[in-house]
Amino acid sequence: MAGKKIENNTAGSPLEAHVASSKIRAEHIDKVYKTGKKSVAAIEDVSIDIQDNDFVCIVGPSGCGKSTLLRMLAGLDFPSAGNIIVNDRKVTGPGPDRGMVFQTYTLFPWMNVEDNIKFGLKIKKLPKAEQQEIADRYLKIIGLEKFAKSYSKELSGGMKQRVAIARALANQPEVLLMDEPFGALDPHTKSMMQLLMREIWVKEHPTVVFITHDIDEAVFLADKIYVMSARPGKMIKRVNVYLPHKRTLDLKDSPEFIKIRKGINALLYMANTEEDME
């Protein structure tokens, strides 16, 4: 697998065509962790190219370096070799052009829902009227207008993640980075959050990079899926997902959806088999 070139894969026929420009590039990224005299390679020679307004999912086995890669895109960690470029600028740390949503609920418990959403806006010192307008808009988008004055202890897990997403989007980042944000939710709430996230993307069109180990989730949400091998993580293929722009949950039962899911599962199985043989 070492040094294998990323392949492009298409499934089905494109329903829409649009001109897009490059937003994020990772160029030949290595990440090595050193503990004493030992070195552990987490990521090896990873390159990705994400275009403006893409919804990209990255999938792979647990421990393959998906979250490590996302943290490097966010500027929270740094590659041992290679470069990460966002908007034609090398990433040297976190920035307002990138928002992040984690699996754990990162709301401020002493703030109500509305104030959590306004948090970044207050730091930017936007006028109060503008802060309120933006907060009201995202409360409506996530369907929590009636919970504006509620605190996190009064919310379900799915509601907390809706607030976290709204808070990230309220700052109008150019890139939204999401690290398995629905991984801790029950199956029904998870499906509802996937539907909401896709609807938000259709309305807002941020560039999204979404980490998940759930293949169904990746196929439902994404327009492009990068598939990683087991550690040390390598990019083995990019899968272009040609499914309807607006999606409903019954799409998961369609032949096109099932075909893409099976293809990705086959890629992961072959990659792991090859690794075991080396």
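Restricting the search to the stretch 52-70, which residues are more than 17 Å from Ala230 (Cα to Cα) and modelled with pLDDT under 95?
Matches in the stretch 52-70: Asp52, Asn53.
Being under 29 Å from Glu114 (Cβ atoms) and of a type in the set (Phe, Trp, Tyr) is the requirement here; does Phe182 meet it?
yes
Answer yes or no as to whether Arg231 is within 24 Å of Leu70 (Cβ to Cβ), of a type in the set (D, E, K, R), in the same structural domain as Ile24 (by TED's automatic domain parsing) and modelled with pLDDT of 95 or more.
Here the answer is no, as Arg231 does not meet what is asked.
Out of all the residues in the stretch 38-49, which are surrounded by fewer than 23 Cβ atoms within 10 Å (Cβ to Cβ) and either closer than 20 Å to Pro181 by Cβ or out of contact with any Pro (no Cβ under 7 Å at 6 or more places or on another chain) (or both)?
Result: Lys38, Ser39, Val40, Asp45, Ser47, Ile48, Asp49.
Quick one: count up the residues across the stretch 88-104 that are among the hydrophobic types (A, V, I, L, M, F, W, C), assigned to a loop (DSSP other than H, G, I, E, B) and within 14 Å of Leu176 (Cα to Cα).
So the count comes out to 1.
Does Leu185 satisfy being part of a loop (DSSP other than H, G, I, E, B) and modelled with pLDDT of 95 or more?
No.
Can you say whether Pro255 is over 19 Å from Leu70 (Cβ atoms) and not β-branched (Val, Ile, Thr), as far as the supplied structure shows?
Yes; evaluated as a whole, the condition is true for this residue.
Can you tell me which of Tyr151, Tyr226 is over 23 Å from Trp110 (Cα atoms) and among the aromatic types (Phe, Trp, Tyr)?
After applying the criteria, what remains is Tyr226.
Show the residue pairs meeting these rules: Cβ distance below 7 Å; 6+ apart or different chains; first residue within the stretch 218-244 and more than 17 Å from His28 (Cα to Cα); second residue among the basic types (Lys, Arg) and part of a loop (DSSP other than H, G, I, E, B).
Between residues of the stretch 218-244 that are more than 17 Å from His28 (Cα to Cα) and residues that are among the basic types (Lys, Arg) and part of a loop (DSSP other than H, G, I, E, B), the close pairs are Phe220/Arg247.
The values are calculated or read from the model by the stated rules, or taken from the named source; none is laboratory data. Keep in mind that this is a model prediction, so the values were computed, not measured. With ideal geometry, Cβ positions are generated from the backbone for all residues, glycine too; neighbour counts draw on all protein chains shown.
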